[in-house]
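To start, the structure under review is shown below, and the notes come after it.
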């Protein structure tokens, strides 16, 4: 096990470290060993109040941040990217320790984190309005302005990367931010906050308050001086956030859960398709909101596909995320492990066939055997509920029209995919399926240039790409009457 030094465990407000007002701390647990990593200061409403005061002060007219040239904002964001890149190895190890993902995956996440900051650094001085040929003797134009103080709540599955998805567009647009990281994985956010201060962001622009959802998170959402909430997490919590935020009519962006389908047509190369479907489901130990867990396979290739899927799953190696041979780390915590196991048992009871796995590993830590279910039907819980673990459900279908209807029967609509050699099938599917991202002959090709977000109960608003800026901007229309009516 790598010995990763823990450098920051306090609350970060106004470019300073603080203990919680209450004096409380909470433990952060290593999911691979079930042992405590560190005690972190537990923020709650009083700490959120302090952070909001700092963020509002930094956002007021005439402040250093509001007076800064847009191009200078871009340079600051790039400087933060530089510092993250310098600290890439340490941050990767911190992610693996805190989250449990294999080190190679954490390193990839940090590369994507840097890329996200660099992309939005380039946008900082390119956010602008338009002149409008309005009726009457007037000159009209629009200005694009920042929303204000943005509360941001991120999940534990991609801690550093989700931070970048939130901070980068918000900062590029000129907002100030208060981040509530997941209580399971606050360590990388605190370290990156230190790097932000080192990069030169003015005090109050970036604040990080670790704590629990019902206390720190709820206080951030309800705060009357917070202008926007951006949340990534479960649909259940997203509904609560939307309801609370409505009391103050905050702008809200929600990237929520999914039960995403991947359709495997009869024209595919079966071993290749089985590998794509495996990666779609098992990436990050299945802890991915857009995971392609509903694998719909054409009846003509079904049994052969199931055999290949089981063989691939059986090759997964469980163990320490710091072991280069390991391909699957632990689940995040005891509660998530229990939820996954409960859904696995429901699949067995409802008649699905366990092809491989189906149990908790006997090793110490929150490890679950990679599990493949066959003979799954749409009515089963495992085909309807988001499992968020290493569990693949393989369903059989006959026609494309039929399977499109079944894909769309879910309350979710985050992502979907199809594997086919027929362009007509690809175009028909991509046009008909209700999902925010549709991948053809690949899966989860999510990059910073392409918008990401969901239909239906998978949320609203978009992150990444130019679309990711819109939720952090307000449009102001200015109309000037010309003298003499000219």
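The values are calculated or read from the model by the stated rules, or taken from the named source; none is laboratory data. In this text, all values refer to a predicted model and were calculated from it rather than measured experimentally. Every residue, glycine as well, gets a Cβ built from its backbone with ideal geometry; the counts of neighbours run over all protein chains shown.
Yes/no per residue for (1) within 22 Å of residue 270 (Cβ to Cβ); (2) in contact with a strand residue (DSSP E or B) (Cβ under 7 Å, 6 or more places away or on another chain):
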{"position": "388", "(1), (2)": "no, no"}
{"position": "394", "(1), (2)": "yes, yes"}
{"position": "397", "(1), (2)": "yes, yes"}
{"position": "402", "(1), (2)": "yes, no"}
{"position": "410", "(1), (2)": "no, no"}
{"position": "421", "(1), (2)": "yes, no"}
{"position": "431", "(1), (2)": "no, no"}
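Working only within the range 202-218, note down all residues that are buried (at least 24 other Cβ atoms within 10 Å of the Cβ) and farther than 14 Å from residue 26 by Cβ. Break it down stepwise before answering.
Here is the first cut: in the range 202-218, the ones buried (at least 24 other Cβ atoms within 10 Å of the Cβ) are 204-211, 216-217.
If the condition is that a residue be buried (at least 24 other Cβ atoms within 10 Å of the Cβ) and farther than 14 Å from residue 26 by Cβ, then 204, 205, 206, 207, 208 are the ones that fit.
Residue under question is residue 105, and the condition is that it be outside any helix (DSSP H, G or I), in contact (Cβ under 8 Å) with a residue 40 or more places away in the chain and either within 19 Å of residue 174 (Cα to Cα) or in contact with a helix residue (DSSP H, G or I) (Cβ under 7 Å, 6 or more places away or on another chain) (or both); does it hold? Before you say what the answer is, go through the steps one by one.
Details: outside any helix (DSSP H, G or I): no; in contact (Cβ under 8 Å) with a residue 40 or more places away in the chain: yes; either within 19 Å of residue 174 (Cα to Cα) or in contact with a helix residue (DSSP H, G or I) (Cβ under 7 Å, 6 or more places away or on another chain) (or both): yes.
Spelling it out, it is not the case that residue 105 is outside any helix (DSSP H, G or I), in contact (Cβ under 8 Å) with a residue 40 or more places away in the chain and either within 19 Å of residue 174 (Cα to Cα) or in contact with a helix residue (DSSP H, G or I) (Cβ under 7 Å, 6 or more places away or on another chain) (or both).
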*Do we have residue 273 as outside the structural domain of residue 162 (by TED's automatic domain parsing), farther than 20 Å from residue 377 by Cα, touching a helix residue (DSSP H, G or I) at 6+ places or on another chain (Cβ under 8 Å) and surrounded by 23 or more Cβ atoms within 10 Å (Cβ to Cβ) here?*
yes
*Could you list all residues from the range 237-257 that are out of contact with any helix residue (DSSP H, G or I) (no Cβ under 9 Å at 6 or more places or on another chain) and part of a loop (DSSP other than H, G, I, E, B)?*
249
*asked:* All but one of (1) touching a residue at least 12 places away in the same chain (Cβ under 8 Å); (2) under 27 Å from residue 8 (Cα atoms); (3) not in a loop (DSSP other than H, G, I, E, B) hold for residue 202; state the number of the condition that does not hold.
replied: (3)
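Quick grid of which residues meet (1) under 22 Å from residue 126 (Cβ atoms); (2) at pLDDT 95 or above; (3) touching a helix residue (DSSP H, G or I) at 6+ places or on another chain (Cβ under 8 Å):
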residue	(1), (2), (3)
425	no, yes, yes
433	no, yes, yes
439	no, yes, no
448	yes, yes, yes
454	no, yes, no
464	yes, yes, yes
473	yes, yes, no
484	no, no, no
*Please go through the range 303-333 and pick out each residue that is surrounded by fewer than 21 Cβ atoms within 10 Å (Cβ to Cβ) and within 14 Å of residue 388 (Cβ to Cβ).*
333
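Residues are listed down the side, and each one gets a yes or a no for (1) modelled with pLDDT of 95 or more; (2) out of contact with any helix residue (DSSP H, G or I) (no Cβ under 6 Å at 6 or more places or on another chain); (3) crowded, with 17+ Cβ neighbours inside 10 Å:
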| position | (1), (2), (3) |
| --- | --- |
| 2 | no, no, no |
| 10 | yes, yes, yes |
| 23 | yes, yes, no |
| 31 | yes, yes, yes |
| 39 | yes, yes, no |
| 44 | yes, no, yes |
| 52 | yes, yes, yes |
*Would it be correct to say that residue 135 is free of Cβ contacts under 8 Å to residues at least 12 places away in the same chain, assigned to a loop (DSSP other than H, G, I, E, B) and surrounded by fewer than 18 Cβ atoms within 10 Å (Cβ to Cβ)?*
yes
_Residues that are more than 17 Å from residue 103 (Cβ to Cβ), under 23 Å from the mean Cα position of the chain (by Cα) and assigned to a loop (DSSP other than H, G, I, E, B), drawn from the range 332-376_ = 333, 366, 370
_Which residue is nearest to residue 37 (Cα to Cα), if the candidates are limited to the range 77-102 and must be surrounded by fewer than 23 Cβ atoms within 10 Å (Cβ to Cβ) and either at pLDDT below 95 or out of contact with any helix residue (DSSP H, G or I) (no Cβ under 6 Å at 6 or more places or on another chain) (or both)?_
93
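Is it the case that the range 109-120 has a residue that's under 16 Å from residue 473 (Cα atoms) and within 21 Å of the chain's Cα centre (by Cα)? Steps first, please.
Applying the first criterion (under 16 Å from residue 473 (Cα atoms)) to the range 109-120 yields 120.
Still in the running and within 21 Å of the chain's Cα centre (by Cα): 120.
Within the range 109-120, one or more residues are under 16 Å from residue 473 (Cα atoms) and within 21 Å of the chain's Cα centre (by Cα).
Checking the condition more than 28 Å from residue 27 (Cβ to Cβ), touching a strand residue (DSSP E or B) at 6+ places or on another chain (Cβ under 9 Å) and in the same structural domain as residue 385 (by TED's automatic domain parsing), which residue from 351, 365 passes? Full working, then the answer.
Working: 365 fails: more than 28 Å from residue 27 (Cβ to Cβ).
Every option except 351 fails the conditions.
Being within 30 Å of residue 235 (Cα to Cα) and touching a strand residue (DSSP E or B) at 6+ places or on another chain (Cβ under 6 Å) is true for just one of 127, 132, 154, 144. Which residue is that? Full working, then the answer.
Numbers: 127 fails: within 30 Å of residue 235 (Cα to Cα); 132 fails: within 30 Å of residue 235 (Cα to Cα); 144 fails: within 30 Å of residue 235 (Cα to Cα).
When all the criteria are applied, what remains is 154.
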*Does residue 266 meet the test of being in contact with a helix residue (DSSP H, G or I) (Cβ under 6 Å, 6 or more places away or on another chain) and assigned to a helix (DSSP H, G or I)?*
no
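Would you say residue 169 is part of a helix (DSSP H, G or I), within 21 Å of the chain's Cα centre (by Cα) and without any contact (Cβ under 8 Å) to a residue 24 or more places away in the chain? Steps first, please.
Details: part of a helix (DSSP H, G or I): yes; within 21 Å of the chain's Cα centre (by Cα): yes; without any contact (Cβ under 8 Å) to a residue 24 or more places away in the chain: no.
Considered against the rule, which asks whether it is part of a helix (DSSP H, G or I), within 21 Å of the chain's Cα centre (by Cα) and without any contact (Cβ under 8 Å) to a residue 24 or more places away in the chain, residue 169 comes out as no.
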_If residue 379 meets every condition in (1) touching a strand residue (DSSP E or B) at 6+ places or on another chain (Cβ under 7 Å); (2) over 19 Å from residue 285 (Cβ atoms); (3) assigned to a loop (DSSP other than H, G, I, E, B) apart from one, which number is that one?_
(1)
*Are any residues in the range 112-132 assigned to a helix (DSSP H, G or I) and surrounded by fewer than 14 Cβ atoms within 10 Å (Cβ to Cβ), and if so, which ones?*
122
*asked:* Which residue is farthest from the chain's Cα centre (by Cα), if the candidates are limited to the range 172-199 and must be within 24 Å of residue 45 (Cα to Cα) and assigned to a loop (DSSP other than H, G, I, E, B)?
replied: 175
